[in-house]
Each structure stands twice: as structure tokens, then as C-alpha cells.
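What follows is a set of notes on a single structure, which appears directly below.
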Amino acid sequence: MSSNAKKHLVTLIPGDGIGPECINSAKEIIEASGAAIEWEVVEAGLNVFKRGLPSGVPQETIDSIHKTRVVLKGPLETPVGFGEKSANVTLRKLFETYGNIRPVRELPGVKTPYSGRNIDLVIVRENVEDLYAGIEHMETPGVAQCLKLISHKGCEKIVRLGFEFARSEGRKTVHCATKSNIMKFTEGMLKRTFEEIAKEYPDIESHHIIIDNCAHQMVKKPEQFDVIVTTNMNGDIISDLGSALIGGLGFAPSANLGNEVAIFEAVHGSAPKYAGKNVINPLAVVNSGVMMLRHLHMFTQASLIENAILFTLEEGKVLPRDIVGDAKAASTTDFTKEIIKNFGKQASSWKVRDYKPLIMPVVDSNPISVTLKDRSYVGVDVLVESGLGANELGKSIEEISKGSNFKLKVISNRGTKVYPSSGAITDCVDLWFCRFFVDNENDYEHRLTNLLTSISAKHKWVHVEKLQKFGNDLSFTKAQGED
Ligand code: NAP
């Protein structure tokens with residue numbers, strides 16, 4: 001390649017622990033492949049936290065990513081005891097990389113209980129919503145709450161990405177894995193959106209599967225899956241499960257994709273006990289680099305590297321510790337050299353897929369993605385902190401609300417109706433959901449303020465959730481035991 005050829009600028013974050021060794025290996029291999037890449041090296045993670053920046057991500061790093069739009073990153077340590085949030089999650093969220101792609105593919109020469117089963121699946125995990133948005137509150141000193149926020153827009157983006165990704169890799173089936181049988185609004189939104197959008201992809205077979213059965217099926221018969229689209233928390237768990245099926249974290253690459261920015265990184269962390277020892281397997285980061293090359297449409301270089309990796313693994317002469325154990329292990333640097341030496345060779349039993357450019361789905365940027373003509377207020381849930389028992393509290397709240405047009409229907413505790421008593425045996429905590437309904441919504445706000453004022457004269461309310469009706473549908477679930 002001529003040195004004048006225009007190079008693609010990529011932000012490179014070496015990371016913590018084993019990060020720099022993995023990144024050096026990936027950089028060396030990518031450069032040897034002839035890919036026209038220029039690196040802009042910046043930092044994030046442990047040293048930044050230690051300098052007192054709570055995000056672990058300095059402004060220079062943010063500026064670099066704004067400029068380059070593509071990142072290859074080593075793992076970042078999340079310190080325990082200082083630094084507020086994971087710098088990894090901060091980077092993913094700051095740049096709205098809403099789709100986390102995690103391929104799980106059997107590799108030659110990497111013996112596992114599943115060897116020979118031809119596992120070749122991809123998990124497409126929603127990456128910015130769900131419980132992982134990390135919106136948590138202590139409602140009382142003894143009761144914590146984490147909000148599971150899922151939007152129709154977020155679901156539409158991840159589902160479309162799942163189908164587009166399937167097309168780009170010539171895959172035939174997409175499963176959507178949710179817990180919609182229990183969480184009908186949040187997880188159910190992904191299922192409903194998936195079923196709507198699947199109609200636009202008639203060339204791809206689509207199925208819904210409950211996430212717990214999906215985990216069970218992944219252990220029992222992983223070769224049945226092609227692409228699995230799922231929510232953030234489900235995806236986090238099943239993608240680690242997936243990497244264990246093919247030999248462990250040393251082999252698991254990932255891409256965090258958004259409309260503006262893409263961040264490529266290993267699934268594994270900084271494995272500090274191996275840092276600087278030249279013994280780790282760099283393949284998870286190297287294969288993340290291969291995904292990056294395909295993202296940059298450098299398909300020839302990506303295939304050159306992938307073929308050389310498959311050949312090296314199949315030949316089995318020079319392999320790292322996690323494949324062959326300490327006695328026979330090659331160093332990280334020798335394994336890297338061996339892959340480069342094997343450029344141009346192909347494994348006899350493994351093929352590189354035919355890849356097409358991934359078309360990132362276009363979703364309207366308007367914050368309102370669903371509109372309704374007909375909606376109304378029908379009541380309110382007032383969360384009260386109290387050490388009273390259910391009956392005593394229920395009678396007191398009923399007394400307080402007498403004369404207002406809010407009528408107490410039920411009090412629940414951790415999702416189970418406890419007042420009026422249904423005979424359930426509930427081990428109550430000091431957070432009570434008092435559910436009121438209104439006959440009509442006239443003057444709703446003013447009456448609600450009066451209700452809260454009356455409650456606060458005798459009890460401590462800590463949270464209010466307005467109850468609405470969207471068209472004919474209630475916008476809230478009932479407590480267990482509530483009619
Ligand atoms: P880890 O760093 O992923 O390491 C866990 C174990 O996985 C290692 O002890 C090792 O197993 C194996 N392993 C990981 N990478 C390997 C590689 N390249 N080659 C060979 N074996 C490898 O998980 P952790 O110890 O829980 O986390 C350490 C730090 O990393 C934490 O601060 C965590 O927050 C952070 N982290 C960062 C990311 C990220 O940057 N995206 C992701 C996860 C964790 P053996 O001990 O069996 O050899």
C-alpha cells in the first residue's frame with residue numbers, strides 16, 4: 001500500500017491490566033494485514049480514576065471519539081471504592097452505542113465439551129436501556145429500587161439492528177429472547193416490537209423465546225441458534241454463557257454499535273493477575289479488531305486475519321496458555337507473530353463467512369416515538385414508608401382519603417396485595433404501595449396534591465406514580481392477588 005493512501009483514523013484505548021498486551025497484539029496484526037489505519041492513542045480507566053476524574057474518561061478521549069467515530073479499546077478496570085461508574089459503560093452510553101454484538105463461534109483446536117457441534121451464533125444485546133441504565137433509588141433505608149426503563153424506540157433500534165446484522169452475515173433465523181411472560185410492559189415491549197418489525201424481513205425466520213428457556217436451550221442445543229436479540233441484562237448473562245461454550249472469555253470479541261460511533265472491545269476484563277506476564281490470549285481483542293475492519297469495509301484484511309487465526313488454531317503449533325495449559329504455552333507475543341506468519345493460509349475445516357456491509361437502521365430521532373389520541377388519569381399509586389402492619393396502615397389511609405375523590409383500592413407490599421387482606425402470607429417490608437382510583441379526572445392535579453398533603457400529615461410518602469389509561473388499556477400492572 002502506498003504511504004500516501006488515505007488512512008482511517010481510529011481511537012485506540014490500551015486500557016488496564018492485560019489491556020495493553022492485547023491491544024499491542026491486535027495493532028501489530030492489523031498493521032501487518034495492510035489495513036489503512038492510523039491510531040490516535042488516548043486513555044481511560046484506572047489511571048484516570050486515580051487522578052481524581054470520577055468518570056474515568058477524560059475530555060481528550062471524548063474529543064478523539066467525536067472526531068474518529070471508531071474505537072478499539074482494551075478492557076478498563078472498574079475500581080472498587082473510588083470512581084463512580086464503570087468507564088466502559090460511560091463510553092458506551094456517552095456515544096449511544098445501543099447495540100452490543102457478541103459472536104459465539106466454535107473455533108478449531110479449542111477443545112470444549114461442545115467441540116464438533118458447530119456453534120455459530122450472535123447475540124445482539126440492547127446496550128443502553130433496561131436495568132443497566134443504573135437508575136437506582138433507596139426508597140427507604142431498607143428497600144432499594146432500580147428502574148427498568150425500556151422504550152419503544154430503543155426496542156425498534158435493537159430489533160432492526162438484529163435483522164440487519166443477520167442479513168449482513170447471511171444468517172437465516174432471528175430469535176427474540178425476553179421475559180415478557182412476567183414483565184409484560186418492559187420485556188413485552190421488545191417482544192411486541194420484534195413481532196411488528198419481523199414482518200419487514202420476510203427473508204428471515206423469526207421466533208420468540210422466553211429468556212430462561214433460551215439459556216437452557218443454549219446449554220442443551222446451542223447449534224440451533226443463529227441470531228438472538230435481547231434486552232441489556234438478559235444479553236449480558238447469556239453472552240457470558242455463550243463465551244463459555246466456545247472456550248472462555250479469552251475468545252469472545254464484541255462490537256458496540258451506534259448510529260454515530262462504534263466501539264470494539266473484548267468481552268473480558270483487565271484480568272489484573274496476568275498483567276505484564278506475556279501469557280494471555282489476545283484473540284478476543286484481535287477478533288474485535290477484525291469486526292472493526294469489517295465495520296470500516298476493509299473486508300479483505302479482515303478475512304486475511306480471520307483465516308490466519310483459524311489456521312493457527314487448527315495447526316496447534318503455537319498456542320496461548322488458556323488453550324494448551326502452562327507447560328506447552330506460547331507467549332502472547334509469539335502467538336501474535338505466528339498469526340502474522342500464517343497470513344495467506346486457510347484452515348482446512350473452518351471457513352470465514354461471506355460478509356456484506358451492515359446497514360445501520362435509521363430510526364426517527366424525535367423523542368416521541370408513539371402517540372395516542374386518547375389517554376386519561378384513572379388513579380395514583382402512593383408509596384408510603386411505614387413500620388405499621390398492613391391492616392393498621394390500610395385503615396389509617398382509608399380514613400385519611402375519606403371525602404377526597406381518590407378511593408383506596410388496595411395496598412400491596414413487594415407486588416403482593418396485603419390490604420384488604422386476602423389471606424396471603426406476605427413478609428412485609430416498610431414500603432407500601434397504596435393504590436387509589438378516581439371516578440373522573442376532573443381537577444386531577446389539584447385533588448392529588450390535596451391527597452398527598454393529607455397523607456403526609458400522618459405518614460411519610462416517598463414516591464408517587466400516576467395511573468393512566470392509554471386508549472382502553474391500563475398503563476400499569478396489578479399486584480399479585482389484586483382483582
Ligand atoms: P476478567 O478480567 O474478564 O478475568 C476473569 C478471568 O477470565 C481471568 O482470571 C482469566 O481466567 C480469564 N481471562 C480473561 N481474559 C483473558 C485472556 N485474554 N486470556 C486468558 N484468560 C482470560 O474478569 P474480572 O477479573 O472479574 O475483572 C477484572 C476487571 O476488569 C474488573 O475491574 C472489571 O470491572 C473489569 N472488566 C472490564 C470489562 C471491559 O472493559 N469491557 C469487562 C469485564 C470486566 P483464569 O483465571 O481461569 O485464567
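Just a few scattered comments:
- Hey, SER64 within 12 Å of the ligand (Cβ to nearest atom), part of a helix (DSSP H, G or I) and surrounded by 17 or more Cβ atoms within 10 Å (Cβ to Cβ) or not: no
- Considering region 427-438, the residues that are of a type in the set (A, V, I, L, M) and not in a loop (DSSP other than H, G, I, E, B) include one that is modelled with the lowest pLDDT, namely VAL438.
- From the list VAL382, VAL462, VAL438, the lone residue that is among the aliphatic types (A, V, I, L, M) and touching a Gly at 6+ places or on another chain (Cβ under 8 Å) is VAL438.
- Some residue of region 45-52 being under 20 Å from the mean Cα position of the chain (by Cα) and assigned by TED's automatic domain parsing to the domain that holds ILE30: yes
- Region 464-483, residues that are in contact with a strand residue (DSSP E or B) (Cβ under 8 Å, 6 or more places away or on another chain), among the charged types (D, E, K, R) and part of a strand (DSSP E or B): GLU465, LYS466, LYS469
- Among the residues making up region 439-463, those that are closer than 17 Å to LEU393 by Cα and not in a loop (DSSP other than H, G, I, E, B) are LEU451, LEU452, THR453, SER454, ILE455, SER456, ALA457, LYS458, LYS460, TRP461, VAL462, HIS463.
- Condition check for ILE397: in contact (Cβ under 8 Å) with a residue 12 or more places away in the chain and among the β-branched types (Val, Ile, Thr): yes
Quick grid of which residues meet (1) among the charged types (D, E, K, R); (2) surrounded by 20 or more Cβ atoms within 10 Å (Cβ to Cβ):
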{"position": "ASN181", "(1), (2)": "no, no"}
{"position": "ASP226", "(1), (2)": "yes, no"}
{"position": "VAL229", "(1), (2)": "no, yes"}
{"position": "ILE237", "(1), (2)": "no, no"}
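- Any hit, region 298-313, residues being within 16 Å of the ligand (Cβ to nearest atom), surrounded by fewer than 21 Cβ atoms within 10 Å (Cβ to Cβ) and free of Cβ contacts under 8 Å to residues at least 12 places away in the same chain: no
- Residues (more than 14 Å from the ligand (Cβ to nearest atom) and part of a loop (DSSP other than H, G, I, E, B)) located in region 253-295: GLY258, ASN259, GLU260, VAL261
- Residue ID - nearest to the ligand (Cβ to nearest atom), chosen from residues in region 1-58 that are at pLDDT below 95, assigned to a helix (DSSP H, G or I) and surrounded by 14 or more Cβ atoms within 10 Å (Cβ to Cβ): LEU46
The values are calculated or read from the model by the stated rules, or taken from the named source; none is laboratory data. Please read these numbers as outputs of a predicted model, since none were measured by experiment. Glycine gets a Cβ as well: all are built from the backbone with ideal geometry, and neighbour counts include every protein chain shown.
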